[in-house]
Amino acid sequence: MRVPFEYAVIRLVPRVERGEQMNVGVILYCQGHDFLGARTHLDADRARALSPDVDLEAVAAVLRSWDRTCDGDGPARQMKRGERFRWLAAPRSTMIQAGPVHTGLTADPAAELDRLMDALVR
């Protein structure tokens, strides 16, 4: 049975003042399947094309923190999955941001997350 899900594209904005961005991941929340997950992929060459001095190690560390937050590590343990999704998807002016939240229907949120990664990031 297909149930609603929400997702947002995770973007790298290496120089916030310029507004240039590239997709580096997807975060997906499905309440009906009690699922929250993130998939990320950092293309170093594309990132350097936007900003030659971008700190790729720092970006990778932040992307790993999104995975840990989805998994409920650290302080996120106190939050429900939906709360974690809302916190990660909230607008912010940092190098790593979530785009607008979109919705869809799925029977398999993990497979949908992989499909969105292939379509929107890779």
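Bear in mind these aren't lab numbers, they're just calculated from the coordinates by the rules spelled out. The model shown is predicted, which means the values in this text are computed figures rather than measured ones. Cβ placement follows ideal geometry from the backbone for every residue including glycine, while neighbour counts extend to all protein chains displayed.
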task: Take each of the peptides 109-120, 53-64, 3-14, average the number of other beta-carbon atoms within 10 Å over its residues, and list them starting from the highest.
output: 3-14, 109-120, 53-64
query: Once you list every other residue whose beta carbon is under 10 Å from the beta carbon of Ala49, what net charge do they have if Lys and Arg are +1 and Asp and Glu are -1?
result: -1
- request: Highest first, please rank the peptides 82-88, 24-30, 97-103 by the mean number of other Cβ atoms sitting within 10 Å of their residues.
  value: 24-30, 82-88, 97-103
query: Under a plain spin-label model, where a point goes 7 Å from the Cα along Cα-to-Cβ, how far apart in nm are Met79 and Ser65?
result: 1.2
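What is the mean projected area of the alpha carbon convex hull for region 5-107, to one decimal in square nanometres?
The number I arrive at for region 5-107 is 6.6 nm².
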task: Quick one: net charge around His33, please, counting Lys, Arg +1 and Asp, Glu -1 for every other residue with C-beta under 13 Å from its C-beta.
output: -2
- request: Lys and Arg at +1, Asp and Glu at -1: add these up for the other residues within a Cβ distance under 14 Å of Arg84 and post the number.
  value: -1
